[in-house]
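In what follows, a structure is listed as C-alpha cells, so that the remarks can point back to it.
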Amino acid sequence: MGEPEYYKVETPLGDMRIHLHAGRPVFVTLPDGDNSIKAPASPPTEAIRELRDALEGYFKGREVSSRYAEALIASISTTPFESAVLKEVARIPRGEVRSYGEIAELAGYPRAARAVGNVMHNNPFPIIIPCHRVIRGDGSIGGYGGAEGIKSWLLDFEGGDPETR
C-alpha cells in the first residue's frame with residue numbers, strides 16, 4: 001500500500017489538502033500548519049482541477065455553486081439524512097448563516113439539530129459545502145472540529161456576522 005495521495009491548495013489560512021482515492025477527490029482538509037506537503041507524481045485529473053479551482057475561487061471572493069457541491073455529495077457514500085443536510089448547507093448563500101436547527105428543519109428532520117452537528121463535523125468538503133455557515137441557535141459560532149478560529153475567519157471574510165442573523 002502506497003502513501004496517501006493528495007494535492008495541496010494554497011489559501012490565506014495555509015495549505016488545504018484534496019485527498020484522493022483511486023484518483024478521485026474523496027475529502028478536503030483544512031490547513032493544519034503542516035506545509036511539508038509533497039506534490040503527487042501524477043498530474044491532477046479534471047475532477048481535482050475543478051475542486052482546486054473552486055477552492056481557489058472561493059478565496060478570491062467567488063461563490064461555490066451549490067450545483068457543484070451537490071455533484072460532489074452525489075459522488076460520495078452518504079445516508080439520505082446526511083445527503084439532505086449537506087445539500088441544505090450547500091444552499092446557504094455567502095455572507096449568511098443558518099442554525100443547526102434551521103438546517104434540520106429545511107432538510108426535513110425538524111428534531112435533528114444535534115445530528116446536523118455530527119454531519120457538519122464529518123463534512124468531507126469544507127468550503128465547498130460551507131459548514132462554517134452553520135451556527136448555534138443562540139447566535140454563537142459553535143464548533144468547527146477544533147478550528148473555531150478558522151470558522152470565525154471564514155465568516156468575517158464573507159461578511160457574515162453570526163450576531164446579526
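Rule-based calculations on the coordinates, nothing more; no lab input. Note that the coordinates shown come from a computational prediction; the quantities given were computed from them, not determined experimentally. All Cβ positions, glycine included, derive from the backbone under ideal geometry; neighbour counts span all protein chains shown.
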* What's the exposure ranking of PHE157, PHE125, going from fewest to most Cβ atoms within 10 Å? -> PHE157, PHE125
* Relative contact order [Cα under 8 Å, 6+ residues apart], the chain, whole percent -> 18
* Structure fact -> With the convex hull built on the alpha-carbon atoms of the range 79-164, volume per residue in Å³ sits at 81
* **For THR11, residues with placed amide H under 5 Å, excluding near neighbours** => MET16
* Structure fact -> Contour minus Cα-Cα span, THR79 to HIS19, at 0.36 nm per residue, comes to 19.5 nm
* **Karplus 3J(HN,Hα) series, Hz, for the range 96-107 with 6.51 cos²θ - 1.76 cosθ + 1.60 (x for Gly, Pro)** => 10, 10, 9, 7, 4, x, 5, 5, 4, 4, 4, 7
* To do: Could you tell me which of ASN118, SER152, SER83 has its Cα farthest along the dipole of the range 79-164 towards the positive end, charges placed at Cβ (Lys, Arg +1; Asp, Glu -1), taken about the Cα centre?
  => SER83
* Asked: Is it possible to state the helix-based mean residue ellipticity at 222 nm for the chain, with each DSSP H run of 4+ residues giving -39500 (n - 2.57), the sum divided by total residues, to the nearest 500 deg cm²/dmol? What is it?
  -> -10500 deg cm²/dmol
* **Relative packing of 109-119, 126-136, 143-153, 85-95, which averages over residues the other C-beta atoms within 10 Å, highest first** => 126-136, 85-95, 109-119, 143-153
* Asked: Rounded to the nearest 20 Debye, what is the dipole magnitude of the chain about its Cα centre when Lys and Arg each give +1 and Asp and Glu each give -1 at the C-beta?
  -> 300
* To do: Please list the non-local residues whose amide H lies under 5 Å from the amide H of GLY142, H modeled 1.01 Å from N, same-chain partners needing a gap of 5 or more.
  => ARG136
* Taking 0.36 nm per intervening residue step and subtracting the Cα-Cα distance, what contour gain separates ARG49 from HIS121 on full extension? -> 23.4 nm
* **Nearest-0.05 FRET efficiency for ARG114 and GLU63, computed from C-beta distance (R0 35 Å)** => 0.75
* Asked: Whole-Hz Karplus ³J(HN,Hα) for the range 141-147, in order, using 6.51 cos²θ - 1.76 cosθ + 1.60 and θ = phi - 60°, x for Gly and Pro?
  -> 5, x, x, 7, x, x, 10
* Asked: Where the only charges are on Cβ atoms (+1 Lys, Arg; -1 Asp, Glu), what is the dipole of the range 79-164 about its Cα centre, to the nearest 20 debye?
  -> 280
